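Notes to accompany the following structure.
The values are calculated or read from the model by the stated rules, or taken from the named source; none is laboratory data. These numbers come from a predicted model, not from an experiment. FYI the Cβ positions are ideal-geometry reconstructions off the backbone, even for glycines, and counts take in every protein chain you see. The protein model used for the area step is the full one, side chains on, heavy atoms only, and it has no ligands, DNA or RNA in it. Shrake-Rupley method; radii C 1.70, N 1.55, O 1.52, S 1.80 Å.
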Amino acid sequence: ENRNGDILTTDVRLLAKYAGGLEGNTDNMHAATAPITFTQYLPNITSDGETGSALTVQLSISANAQGILQRSTSGVWSAMGTGGTSGGASTIVQGLDGKIYAGGDFTQMGGIANTNAIAVWDPTVSTWAAMGTGAAGGTVVYSLSVLPSCNIVAVGNFTSMGGVANTSRIAMWTGAAWTSISSAFVGTEIVSSAVSSLGILYVGGTFTSVGGVAATNITSYNPTTTTWAAVGAGIAAGGVWLA
């Protein structure tokens, strides 16, 4: 307040816990210095008269929480169908079509046939759908990437995707079918993928050649020219393991 007794600010409450200071420090016979200390664990300031309440920080979802969950805009977690069978999702991307694409080591997603290691979730109808006949062979999709064309690239240790030829370890989903972007793969697996700001796809793993182009564990693909190119001298000694 000012010198006239007028209130210039709004009363507020600081939620704090007394820490110490009332012990006092007598420095003469007529006065004592008592610097009181408080600890504020939650940095909240409320107007006088307002109250607060504790919020729960955990929500248990027991039914169908198998390898994948979704969170609404209001902060509520819920299952996505019946989830994955015999495994979970290790990679998730949102396509330019608004759908959610999931890959992993599951044998089936949401109880839908032909969703081995890969499936797509349509949030508008809350249902899973197959992408062709899914992965075959190694049955793990490690990484998914979205190209500027809206196409989805999947990489992993699978030997084919959707039964399409030349889709060992890497394949591209056009929205309706799988297609090959690598005429040949020499190596063990592809575990990482990323798309640059220029739309170039980079993949990494343990290999010596992708698309007929020699490359040591890392290489790039240009969707516009549909060509592969080595990235420098590559990366030796163990390969690439992180996206």
Full-extension gain between Ser197 and Thr85, please, as 0.36 nm times their residue separation minus the C-alpha to C-alpha distance. 36.8 nm
Descending packing, highest mean Cβ count within 10 Å first, for 147-159, 180-192 is 147-159, 180-192
Residues of the range 120-160 with backbone nitrogen within less than 20 Å of a virtual label 7 Å along the Cα-to-Cβ line of Gln94, please, listed as ranges. 120-129, 143-154
Label model pair Thr33, Thr208: point-to-point distance (7 angstrom along the Cα→beta-carbon line) in nm is 7.8
Amide H contacts under 5 Å for Gly138, placed H, 5+ residues apart: Phe158, Thr159, Ser160
Calculated FRET efficiency for the pair Thr188/Ala229, C-beta based, R₀ 25 Å, to 0.05: 0.75
Give me the percent of accessible area attributable to carbon and sulfur for the range 55-178, probe 1.4 angstrom. 52
What are the residues whose amide H is under 5 Å from the amide H of Glu189, where those residues sit 5 or more places off or on another chain and H is modelled from the backbone? Thr206
Once phi is turned into θ = phi - 60°, what whole-Hz ³J(HN,Hα) does the Karplus curve with 6.51, -1.76 and 1.60 give for every residue of the range 171-180, x standing for Gly and Pro? 8, 10, 9, 8, x, 10, 7, 8, 9, 8
Along the range 149-158, Karplus-curve 3J(HN,Hα) (6.51, -1.76, 1.60; θ = phi - 60°) to the nearest Hz, with x for Gly and Pro, reads 6, 5, 5, 10, 9, 10, 10, x, 10, 5
Residue-wise, which Karplus ³J(HN,Hα) couplings in Hz belong to the range 94-100, taking 6.51 cos²θ - 1.76 cosθ + 1.60, θ = phi - 60°, and x for glycine or proline? 9, x, 5, 8, x, 7, 9
